[in-house]
Amino acid sequence: MVRHAARASIAVILFLIAGVARGATAPPPAAVPPEDNRQLARTVLAELIAIRSVHDVGTRETAAVVARHLAAAGFGGDDLAVLPEERYPNQVDVVARLRGRGHGRPVLWNCHMDVVDARPEDWSVPPFQLTEKEGWLYGRGTTDMKDQCATMVAAFARLKAEGYVPERDLVAAFTADEEVGLEQDGMDDLLRNHRPIVDAALVINPDDHVGRLIDGRRALLEIQTSEKTYATFTLETTSSGGHSSEPRPDNAIYQLARGLTRLEHYEFPYRTNATTRLFFERMAAFQTGQRRADMRAVAKGTVPEPRAAARLARDTSLNSILHTTCVATMLAAGVQENALPQRAQATVQCRLMPDESVEQTRATLARVVADPGIDVRLASPVVSGPESPPTPEFLGTIERVAHSMWPGVAVVPTMAAGASDSLYTRAAGMPSYIVNGTWEDFEDDRRHGRDERREVGVFDENLEFTYRLMKTLGSAPP
């Protein structure tokens, strides 16, 4: 799951406003894979769910499960690598390769094998045991994202069993520590230390962005083509301090507070990019009245019509994709109640539009707080990547695969306000897209929460979608 932010789907908010039917359940599966492949996927999922692969434990055991099933499917030698990370040996990555005819650079699929922890006393079923109940598969990782790892293993095994030889190599990477944050990450480690085996012309990351139901029917499939850059800044003031019985005019807390108040009332300019323009253009079809008109107006240019953008920005999820945002999240000041503060510090977290620089944002913050006595500095290193082009050719490919299973569904590009492993692959110059074939009840998102679950039929459908997408992209070199 994407780090550093709750990923409330923009489409969810829009559908609620549009009056989507409540409590709708997914229709029967449109297509399912062969029974033996379904059983393989379920077996892999059960074995992965049984492993508590949280940060402190690592992914060594999950990597062993993935590698064992891939080896049984016929992958080995240079086509199957098990790679413990040098600094964190319990964090282990697995990379498999289905060899093609060499016509073009590979397509890379990636999933992370780690999960957020779960306390058994909080769940109605054991979190680290796959439980099927009333048409649902329960367990930590059934939606984020051991289900996708099991799907990738089974789809690769099916292609291998069929003797399928793609035009270009297909690569599957199973990585560690996506949930822990930017300080360590399996995909980052692979790109830094094993770039040749994961280098690709195109990356498919099935971590989130799913199909949405409208009035009980499959209507919209999200594809994430961009995500904002995550940057944290420290704002700090200092003063000479002293005894609280003798207040001074140079109080560090008051000085910082004045700057933060100015920041509170500042809004970065509204902007769009290729992804958000397409998003608003296609989402307008699901709206009515002023909201439809505003979305169409915002979709027309890089600098959107300001009144339309302002009206849409009243919705916090839409506001997050209309411009860069910065917000104070933490405060620290003083050392004792009877002493004047010698230092006051605020943490300000920013989500930058993909083409906006960190230094540009830092300079804007310094200008807005309007006090040379407030030091504005970057708190930690930043990883950023460009927008992955939502080209008609690529979106058309996704539409063809989706329509082969769910005729008529709309494919809508989105930009995430959070961050995923696509952050690293985009930064490495590889266009990356988050897409999968799952369909979810947007009112019942349980990722990272209690009783996480995936509908049985949806799990099977996604396995078929993944297989078809792999075969389609493998047969169409750039």
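The values are calculated or read from the model by the stated rules, or taken from the named source; none is laboratory data. What you see is a predicted model; the values in this text were computed from it and never measured. As a convention, Cβ positions derive from the backbone with ideal geometry for all residues, glycine included, and neighbour counts pool all protein chains shown.
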Counting only residues that are part of a loop (DSSP other than H, G, I, E, B) and either buried (at least 19 other Cβ atoms within 10 Å of the Cβ) or in contact with a helix residue (DSSP H, G or I) (Cβ under 9 Å, 6 or more places away or on another chain) (or both), region 412-435 contains a total of 8
Does region 234-279 hold any residues that are without any contact (Cβ under 8 Å) to a residue 24 or more places away in the chain and among the aromatic types (Phe, Trp, Tyr), and which are they?
-> Tyr254
Across region 201-222, which residue is nearest to Asn436 (Cα to Cα) among those that are surrounded by fewer than 24 Cβ atoms within 10 Å (Cβ to Cβ) and of a type in the set (A, V, I, L, M, F, W, C)?
-> Val210
Given (1) of a type outside the set (Asp, Glu); (2) in a strand (DSSP E or B); (3) surrounded by 19 or more Cβ atoms within 10 Å (Cβ to Cβ), index of the condition Arg377 fails | (3)
Residue among Leu235, Leu190 that is buried (at least 17 other Cβ atoms within 10 Å of the Cβ) and either of a type in the set (Ser, Thr, Tyr) or more than 30 Å from Ala252 (Cα to Cα) (or both) | Leu190
Residue in region 280-292 that is within 30 Å of Arg362 (Cβ to Cβ), among the aromatic types (Phe, Trp, Tyr) and in contact with a Cys (Cβ under 9 Å, 6 or more places away or on another chain) present | no
From the set of residues in region 274-290 that are surrounded by 15 or more Cβ atoms within 10 Å (Cβ to Cβ), polar (S, T, N, Q) and farther than 28 Å from Val368 by Cα, which is modelled with the lowest pLDDT?
-> Gln287
Identify the residue in region 380-411 that is in a helix (DSSP H, G or I) and aliphatic (A, V, I, L, M) and, among all such residues, is farthest from Thr229 (Cα to Cα).
-> Met405
Selection within region 59-89 - modelled with pLDDT under 95 and closer than 22 Å to Asp147 by Cα | none
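Rundown of residues vs (1) more than 30 Å from Ile434 (Cα to Cα); (2) in the same structural domain as Asp207 (by TED's automatic domain parsing); (3) modelled with pLDDT of 95 or more; (4) surrounded by 17 or more Cβ atoms within 10 Å (Cβ to Cβ), yes/no style:
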site: Glu246; (1), (2), (3), (4): yes, no, no, no
site: Ala252; (1), (2), (3), (4): yes, no, yes, yes
site: Leu256; (1), (2), (3), (4): yes, no, yes, yes
site: Glu264; (1), (2), (3), (4): yes, no, yes, no
Is it true that some residue in region 195-203 is of a type outside the set (Phe, Trp, Tyr), at negative phi, touching a strand residue (DSSP E or B) at 6+ places or on another chain (Cβ under 9 Å) and at pLDDT below 95?
-> no
So, of the residues in region 337-366 that are among the hydroxyl-bearing types (Ser, Thr, Tyr) and in a helix (DSSP H, G or I), which turns out to be surrounded by the fewest Cβ atoms within 10 Å (Cβ to Cβ)?
-> Thr364
Members of region 291-331 that are surrounded by 13 or more Cβ atoms within 10 Å (Cβ to Cβ) and assigned to a loop (DSSP other than H, G, I, E, B) | Ala299, Lys300, Pro304, Glu305, Ala313, Asp315, His323, Thr324
Does region 240-290 hold any residues that are in a helix (DSSP H, G or I), among the charged types (D, E, K, R) and either out of contact with any helix residue (DSSP H, G or I) (no Cβ under 9 Å at 6 or more places or on another chain) or within 30 Å of Gln224 (Cα to Cα) (or both), and which are they?
-> Glu264, Arg277, Glu281, Arg282
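Yes/no matrix, rows are residues, columns are (1) in the same structural domain as Ala73 (by TED's automatic domain parsing); (2) buried (at least 24 other Cβ atoms within 10 Å of the Cβ); (3) under 22 Å from Pro431 (Cα atoms):
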{"position": "Gln91", "(1), (2), (3)": "yes, yes, no"}
{"position": "Arg105", "(1), (2), (3)": "yes, no, yes"}
{"position": "Trp123", "(1), (2), (3)": "yes, no, no"}
{"position": "Phe128", "(1), (2), (3)": "yes, no, no"}
{"position": "Trp136", "(1), (2), (3)": "yes, no, no"}
{"position": "Ala150", "(1), (2), (3)": "yes, yes, no"}
Val369 within 25 Å of Thr325 (Cβ to Cβ), surrounded by 16 or more Cβ atoms within 10 Å (Cβ to Cβ) and outside the structural domain of Glu464 (by TED's automatic domain parsing) | yes
Can you name the residue in region 145-199 that is of a type in the set (Gly, Ala, Ser) and more than 19 Å from the chain's Cα centre (by Cα) and, of all such residues, is nearest to Leu473 (Cα to Cα)?
-> Ala155
